[in-house]
């Protein structure tokens with residue numbers, strides 16, 4: 001009888017989920033306090049604004065408020081998909097992201113691999129400082145530097161062209177030059193900062209693998225392809241998934257600073273279009289509909305990329 005009652009008594013004395021949760025909160029209270037500002041920030045700036053998504057289905061009016069504005073259903077989405085310029089803007093956004101994926105995304109990885117090969121610590125840190133510095137400049141400053149360098153009057157690039165007997169080129173108003181300039185300026189500004197993640201991943205590779213490969217007579221290229229790249233593969237996949245999820249979003253600040261009406265045909269993206277018709281023309285319902293469209297497509301892309309990553313590799317976001 002005693003042995004039969006013991007499991008029941010043990011189960012009765014076993015703490016429930018709430019006391020166990022309370023003990024965990026008390027044990028790690030300082031860690032949760034450190035996390036609290038981040039949770040509050042996300043709640044205020046990421047979750048509370050979702051309440052405003054309903055104006056995508058309303059004809060929003062300031063005087064009537066969100067709930068007082070009349071419902072219009074899918075009117076704004078129907079207008080959006082029948083608007084000819086919308087497809088041009090979506091095309092520009094996707095093309096800019098594809099170019100960034102092809103040229104800008106590998107740049108931090110290549111830079112990190114090059115820095116990892118440097119043996120002189122002082123020289124390596126000096127190079128890191130130089131390539132990190134542009135990240136801390138705002139796009140207003142960095143974009144102004146780029147525009148000044150390409151100025152047709154006193155820009156350094158055109159001065160060099162004139163010195164070589166070539167004609168002056170108005171780079172910033174020529175559509176064929178705008179996208180390459182945007183991608184190149186992004187690489188120059190953000191590659192050094194993006195390389196930090198890859199350098200951190202590279203530091204986690206066991207040095208004994210390189211020592212063993214050296215003993216076996218492996219060359220540097222063989223070490224790169226058989227040790228270094230596989231060692232940071234998971235990091236590359238995670239960053240690639242996150243990048244694919246933002247294929248319908250492109251940096252507003254960079255484009256806004258560098259573009260002008262002459263290059264709207266190739267430089268106007270969804271973020272700048274939302275700014276123009278949302279804040280300048282006060283068409284808030286239309287811009288909310290565009291933002292909701294971006295979010296839905298972004299979720300589908302990141303979900304699909306994550307599924308592919310789970311199928312063909314052992315790393316994914318979830």
Problem - Check on residue 225, surrounded by fewer than 16 Cβ atoms within 10 Å (Cβ to Cβ) and either farther than 24 Å from residue 190 by Cα or out of contact with any strand residue (DSSP E or B) (no Cβ under 7 Å at 6 or more places or on another chain) (or both) - result: yes
Practice task
For residue 318, work out the one condition from (1) in contact with a helix residue (DSSP H, G or I) (Cβ under 7 Å, 6 or more places away or on another chain); (2) assigned by TED's automatic domain parsing to the domain that holds residue 177; (3) in contact (Cβ under 8 Å) with a residue 12 or more places away in the chain it doesn't fulfil.
Solution key: (2)
Fill in the blank from the handout: Residue count, the range 139-150, condition surrounded by 14 or more Cβ atoms within 10 Å (Cβ to Cβ) and either without any contact (Cβ under 8 Å) to a residue 12 or more places away in the chain or outside the structural domain of residue 173 (by TED's automatic domain parsing) (or both), comes to 2
Problem - Residue match in the range 130-137 (condition: surrounded by fewer than 17 Cβ atoms within 10 Å (Cβ to Cβ), free of Cβ contacts under 8 Å to residues at least 24 places away in the same chain and more than 21 Å from residue 253 (Cα to Cα)) - result: no
Problem - Exclusive hit being surrounded by 12 or more Cβ atoms within 10 Å (Cβ to Cβ), within 18 Å of the chain's Cα centre (by Cα) and under 29 Å from residue 241 (Cα atoms), set 109, 113 - result: 109
Fill in the blank from the handout: Quick count over the range 277-318, residues being modelled with pLDDT of 85 or more and under 30 Å from residue 176 (Cβ atoms), is 7
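Every residue in the range 173-208 that is outside any helix (DSSP H, G or I) and surrounded by 13 or more Cβ atoms within 10 Å (Cβ to Cβ), please. Give the steps one after another, and end with the answer.
So in the range 173-208, the residues outside any helix (DSSP H, G or I) come out as 174, 203-206.
If the condition is that a residue be outside any helix (DSSP H, G or I) and surrounded by 13 or more Cβ atoms within 10 Å (Cβ to Cβ), then 174, 205 are the ones that fit.
Could you say whether any residue in the range 248-269 is part of a helix (DSSP H, G or I), more than 21 Å from residue 98 (Cβ to Cβ), within 21 Å of the chain's Cα centre (by Cα) and in contact (Cβ under 8 Å) with a residue 40 or more places away in the chain?
So the first thing to find is which residues in the range 248-269 are part of a helix (DSSP H, G or I), and the list is 252-258, 261-267.
Imposing the further condition that a residue be more than 21 Å from residue 98 (Cβ to Cβ) reduces the set to 257, 261-262.
Still in the list and also within 21 Å of the chain's Cα centre (by Cα): 257.
Subset that is in contact (Cβ under 8 Å) with a residue 40 or more places away in the chain: 257.
Within the range 248-269, one or more residues are part of a helix (DSSP H, G or I), more than 21 Å from residue 98 (Cβ to Cβ), within 21 Å of the chain's Cα centre (by Cα) and in contact (Cβ under 8 Å) with a residue 40 or more places away in the chain.
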Handout entry: Tabulated pairs, the range 186-210, first over 15 Å from residue 108 (Cβ atoms), second outside any helix (DSSP H, G or I), C-beta under 9 angstrom, 6+ apart or interchain
Key = 204/232; 205/232; 210/218
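The values are calculated or read from the model by the stated rules, or taken from the named source; none is laboratory data. Predicted model, so just to flag it, every value in this text is computed and none were measured. When we count neighbours, we look across all protein chains shown, and the Cβ atoms used for this are built from the backbone with ideal geometry, even at glycine.
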